[in-house]
Amino acid sequence: MPMLDDVCKAYYPHLSKENILEKARKMDFPFKCARLDRSQKSPYFVDLKDLSNVLDGLFQKDSPYIDTDIIHNFKSPKE
């Protein structure tokens with residue numbers, strides 16, 4: 001289980017530490033995250049399966065655009 005801080009560095013770099021903690025407490029992320037201890041100083045961890053499902057869903061939604069970009073980048077230039 002990755003730490004929420006690490007996930008946010010990669011996918012939510014625009015969020016401050018306070019906003020990350022608030023979203024985690026309110027369960028506003030599109031994936032499950034939880035603390036392994038009841039302490040407020042305990043870090044949040046992310047359910048990797050949920051995170052991968054969210055990322056896969058986003059990729060599938062945007063895949064027509066991604067495929068188009070790939071095709072345009074790999075077409076040989078016309079001479």
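Data table
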{"item": "Counted residues, segment 31-65 - those being assigned to a loop (DSSP other than H, G, I, E, B), open to solvent by 60 Å² or more (accessible area, probe 1.4 Å) and either touching a Gly at 6+ places or on another chain (Cβ under 9 Å) or touching a residue at least 24 places away in the same chain (Cβ under 8 Å) (or both)", "result": "0"}
{"item": "Residues of segment 38-65 that turn out to be at pLDDT below 90 and of a type outside the set (Lys, Arg), as a count", "result": "11"}
{"item": "Members of segment 1-30 found to be assigned to a loop (DSSP other than H, G, I, E, B), open to solvent by less than 70 Å² (accessible area, probe 1.4 Å) and either touching a Gly at 6+ places or on another chain (Cβ under 7 Å) or free of Cβ contacts under 8 Å to residues at least 40 places away in the same chain (or both), listed by number", "result": "Tyr12, Leu15, Ser16, Phe29"}
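The values are calculated or read from the model by the stated rules, or taken from the named source; none is laboratory data. Keep in mind that this is a model prediction, so the values were computed, not measured. Virtual Cβ from ideal backbone geometry, glycine too; neighbours counted across all protein chains shown. We work out accessible area using only protein heavy atoms, side chains counted, and drop any ligands, DNA or RNA first. Shrake-Rupley method; radii C 1.70, N 1.55, O 1.52, S 1.80 Å.
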